1. What FRET efficiency, computed as 1/(1 + (r/R0)^6) with R0 = 30 Å and r the Cβ-Cβ distance, is obtained for Arg47 and Tyr7, rounded to the nearest 0.05?
2. For an R0 of 22 angstrom, estimate the FRET efficiency from the Cβ-Cβ distance between Arg58 and Phe174 and round to the nearest 0.05.
3. Round to the nearest 10 and give me the degree value, 0 to 90, for the angle of helix 68-80's Cα axis relative to the longest principal axis of the chain.
4. Quick check: residue separation of Asp224 and Ala126 times 0.36 nm, minus the Cα distance between them. What number comes out in nm?
5. Placing unit charges on C-beta atoms (Lys and Arg positive, Asp and Glu negative, everything else neutral), compute the dipole magnitude of region 166-283 about its Cα centre in debye, rounded to 20.
6. Work out how much length Glu278 to Thr118 would gain on full extension: take 0.36 nm times their residue separation and subtract the Cα-Cα distance, in nm to one decimal.
7. Given labels modelled 7 Å from the Cα in the Cβ direction, how far is it in nm from Phe143 to Leu188?
8. Taking the beta-carbon count within 10 Å as an exposure proxy, list Asp24, Asp224 from fewest neighbours to most.
Amino acid sequence: MTGLTVYARAKLNLSLDVLGRREDGYHELRMVMQEAELADEVYVELREPGFYRAETNRSYIPSDERNVAVKAARAFFGLAGLESGVFIRIKKRIPVCAGLGGGSSDAAAVIRALNELTGKPLEEDALYEAAQAAGSDVPFCLFGGTALAEGRGERLTRLPGLPRLPVVICMPYFSCSTPELFTRLDGLRTRCRPDTAGLISALSAGQLEGVARRMYNVFEDALDRRPAQAVGEIKRLLLENGALGAVMSGSGSAVYGLFRDGDAAERAAQQAKGSCREVFLSFTV
């Protein structure tokens, strides 16, 4: 059987704003997303029609239709009009339930791989449609780089990218419930909001400090006391060790810091290992 190995990169939220609940029950989002080098390894192999299976090195991740990578494969074959099946093997490195888009990135990697393996039957618009059918974050993970994401996260506007910067990604000893955070956020009377327009202007002008000053995630406002304290301590550690800015990504619980200096990033990563479950020293893409 013909197979292909591709890489599924993590996504970071430079900012995340929740504008309100929509009539369809989802929330309207406005986020600035950034691709990072931290990646899962995804092997994709064509199989006989009707065969769909995903295996990972994490026993708790489903291998059937509940896996977004399998959902992405079905969406791809449907749009391409192909009778086929797929075997997917994912070597996870991106933490699960971390707000780093690991599952969505795996799905995007499957779409890219299948398009290659089948002779590129889908153009960019159709690839986007397959990604959108798989999940809200999958379109960004398919195209990567730096982008403004709106709607449920599926409406993308490409933005000027950051330079290649060291980034320290810290996974605390707890995870967050996305539905619970949305509910808590809906109940807050007043809260701060990210300066998304200012962040985009700083990106356009290449003002790294301006970008860092505007890194903000409204989900941090909805955390319980203990998780909020843990996130605050990680952010403080990163900033005290030279991070230009630090913020929680997505609905958490991963926290990351952007650095200009690689040595400072290495020192911060070493210090963070004493208080976090996992720590990764990576780079923006």
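Laboratory data are not the source of any read-out in this text; all were calculated from the coordinates shown. These numbers were taken from a predicted model, which means no experiment stands behind them. Note that each Cβ is placed from the backbone with ideal geometry, even for glycine, and that neighbours are counted across all protein chains shown.
1. In this case the efficiency is close to 0.90.
2. Computed FRET efficiency for Arg58 and Phe174: 0.80.
3. The angle comes out at about 50 degrees.
4. Gain on stretching Asp224 to Ala126: 31.2 nm.
5. The calculated dipole for region 166-283 is roughly 240 debye.
6. 53.9 nm
7. 2.8
8. Asp24, Asp224
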